[in-house]
Amino acid sequence: MKLEKKKIGVLMGGLSPEREVSLASGNAVLEALERKGLNGIGIDVSNNIAFSLEKNKIDIACIALHGIYGEDGSIQGLLEYAKIPYTGSGVLASALAYDKVKSKEIFKFNKISTADYQVLCRRERGKQERILDFPVVVKPSNQGSSIGISIVREEKEWEAALELAFSYAKEILVEKYIEGKLLAIGMNGEEPMPIVHIRPKSGFYDYESKYTSGRTEYDCPAELRIEETQRCKDIAVEVYRALRGNGMPRVDVILDTEGVPYVLEMNTIPGLTPTSLLPMAAKESGLEFDDLVLEILKSVHLDYEG
């Protein structure tokens with residue numbers, strides 16, 4: 001694909017709670033395109049996105065959206081209708097990966113290690129009993145950037161965690177808390193990149209730990225035994241295939257104290273600022289940020305044929 005001849009629309013912003021993070025990713029991508037001499041245009045996604053796409057006549061959509069309407073298959077479906085090739089995974093893969101409950105069901109079906117869990121529904125609140133012992137992780141089924149997530153270690157924290165998670169979603173996930181190393185595995189297609197070990201100083205990789213400078217330390221490549229590294233990379237490939245990934249997503253796992261990786265999720269549109277996890281892994285593999293953006297563009301997706 002001759003990118004020099006293409007008008008590249010960088011879709012950013014959006015309508016989710018992750019809007020500010022998305023704008024940072026999108027602007028970093030635009031700067032990379034400019035440095036590479038490519039024709040990039042920023043499109044702040046709002047309710048009139050269909051009209052914006054028609055007006056701007058882009059050839060490729062580089063999706064730098066995070067959260068609902070950006071990662072869940074919604075914008076991907078619109079781009080399919082408009083016959084505009086786009087970066088990242090397709091409609092189905094985006095929807096499945098974004099829905100934490102459906103992802104867990106797929107992991108279980110494919111015998112991919114993941115923490116024990118249960119699903120609670122807002123309409124059934126008060127009728128469903130907790131079946132897991134503390135500590136547990138309570139999270140909305142459809143948010144990113146650790147929004148709405150709590151670690152619950154004792155009964156007195158339980159109701160507040162439910163209240164927070166249900167404020168973001170009608171369906172929430174309660175997972176067994178697994179002690180271990182939080183690892184991020186960027187994917188270049190089916191090829192895993194060097195693994196990033198995430199070490200939040202607070203002990204919890206929440207929104208502030210992710211986006212506040214100095215709150216978290218990162219080791220890339222992660223200091224793991226050879227067999228642990230291989231297990232983590234193997235399971236990342238399994239996840240990529242099971243969820244029908246495309247391009248350069250990121251698979252997050254917890255490596256427990258016995259050296260067993262438990263999958264948390266696959267992030268189909270990882271953060272794309274120069275200090276984000278995927279660019280960190282890419283740099284370790286010899287791919288600088290601007291070249292990473294080009295690689296993402298080369299993996300554009302379009303299900304429509306005709």
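The values are calculated or read from the model by the stated rules, or taken from the named source; none is laboratory data. Fair warning: this is a prediction, and the values are worked out from it, not measured in the lab. For neighbour counting, all protein chains shown are included, and Cβ atoms are generated from backbone atoms with ideal geometry for every residue, glycine included.
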Quick one: in segment 144-154, of everything that is crowded, with 18+ Cβ neighbours inside 10 Å and small (Gly, Ala, Ser), which residue is farthest from Leu255 (Cα to Cα)? Gly148
When segment 124-149 is examined, which residues are found to be over 14 Å from Lys176 (Cβ atoms) and at pLDDT 85 or above? Glu129, Pro140, Ser141, Gly148, Ile149
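Among Leu224, Leu183, Leu173, which is surrounded by 14 or more Cβ atoms within 10 Å (Cβ to Cβ), within 29 Å of Arg244 (Cα to Cα) and more than 18 Å from the chain's Cα centre (by Cα)? Before the answer, list the steps.
On the way: Leu183 fails: more than 18 Å from the chain's Cα centre (by Cα); Leu173 fails: more than 18 Å from the chain's Cα centre (by Cα).
Result of the check over Leu224, Leu183, Leu173: Leu224.
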Would you mind telling me which numbered condition in (1) under 21 Å from the mean Cα position of the chain (by Cα); (2) assigned to a helix (DSSP H, G or I); (3) touching a residue at least 24 places away in the same chain (Cβ under 8 Å) Leu33 fails? (1)
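Residue under question is Gly286, and the condition is that it be free of Cβ contacts under 8 Å to residues at least 12 places away in the same chain and loosely packed, with under 15 Cβ neighbours inside 10 Å; does it hold?
Values: free of Cβ contacts under 8 Å to residues at least 12 places away in the same chain: yes; loosely packed, with under 15 Cβ neighbours inside 10 Å: yes.
Here the answer is yes, as Gly286 does meet what is asked.
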Filtering segment 145-174 down to residues that are of a type outside the set (A, V, I, L, M) and in contact with a helix residue (DSSP H, G or I) (Cβ under 8 Å, 6 or more places away or on another chain) yields Ser145, Ser146, Gly148, Ser150, Phe166, Lys170, Glu171
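Among the candidates Lys181, Lys108, single out the residue that is on the phi < 0 side of the Ramachandran plot, modelled with pLDDT of 95 or more and touching a strand residue (DSSP E or B) at 6+ places or on another chain (Cβ under 7 Å).
Working: Lys108 fails: touching a strand residue (DSSP E or B) at 6+ places or on another chain (Cβ under 7 Å).
Checking each option against the conditions leaves just Lys181.
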Would you pick out the residues in segment 110-133 that are among the hydrophobic types (A, V, I, L, M, F, W, C) and either touching a His at 6+ places or on another chain (Cβ under 9 Å) or touching a residue at least 24 places away in the same chain (Cβ under 8 Å) (or both)? Ile112, Ala115, Val119, Leu120, Cys121, Leu132
Go through (1) farther than 21 Å from Val21 by Cα; (2) touching a Leu at 6+ places or on another chain (Cβ under 6 Å) one by one and return the number of the condition Asp252 breaks. (1)
If you check Lys100 against the conditions, is it touching a strand residue (DSSP E or B) at 6+ places or on another chain (Cβ under 9 Å) and surrounded by 15 or more Cβ atoms within 10 Å (Cβ to Cβ)? yes
Unmet criterion (only one of (1) modelled with pLDDT under 95; (2) in a strand (DSSP E or B)) for Asp252: (1)
Of these, Glu190, Glu124, Glu157, which one is among the acidic types (Asp, Glu), under 25 Å from Ser74 (Cα atoms) and surrounded by fewer than 17 Cβ atoms within 10 Å (Cβ to Cβ)? Glu190
Residue count for segment 1-13, restricted to those that are in contact (Cβ under 8 Å) with a residue 40 or more places away in the chain, part of a loop (DSSP other than H, G, I, E, B) and either out of contact with any Asp or Glu (no Cβ under 8 Å at 6 or more places or on another chain) or surrounded by fewer than 17 Cβ atoms within 10 Å (Cβ to Cβ) (or both): 1
Determine the pairs where a residue that is in the same structural domain as Pro261 (by TED's automatic domain parsing) and touching a residue at least 12 places away in the same chain (Cβ under 8 Å), located within segment 218-247, has a partner that is buried (at least 19 other Cβ atoms within 10 Å of the Cβ) and among the aromatic types (Phe, Trp, Tyr) with Cβ atoms under 8 Å apart, the partner being 6 or more residues away or on another chain. Val239/Phe107; Ala242/Phe107
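From the list Ile58, Ile43, exactly one residue is within 23 Å of the chain's Cα centre (by Cα) and either modelled with pLDDT under 95 or of a type in the set (Val, Ile, Thr) (or both). Which is it?
Numbers: Ile58 fails: within 23 Å of the chain's Cα centre (by Cα).
Exactly one residue qualifies, and that residue is Ile43.
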Top-ranked residue in segment 39-82 [being in contact with a strand residue (DSSP E or B) (Cβ under 9 Å, 6 or more places away or on another chain), among the polar types (S, T, N, Q) and part of a helix (DSSP H, G or I); ranked as surrounded by the most Cβ atoms within 10 Å (Cβ to Cβ)]: Gln76
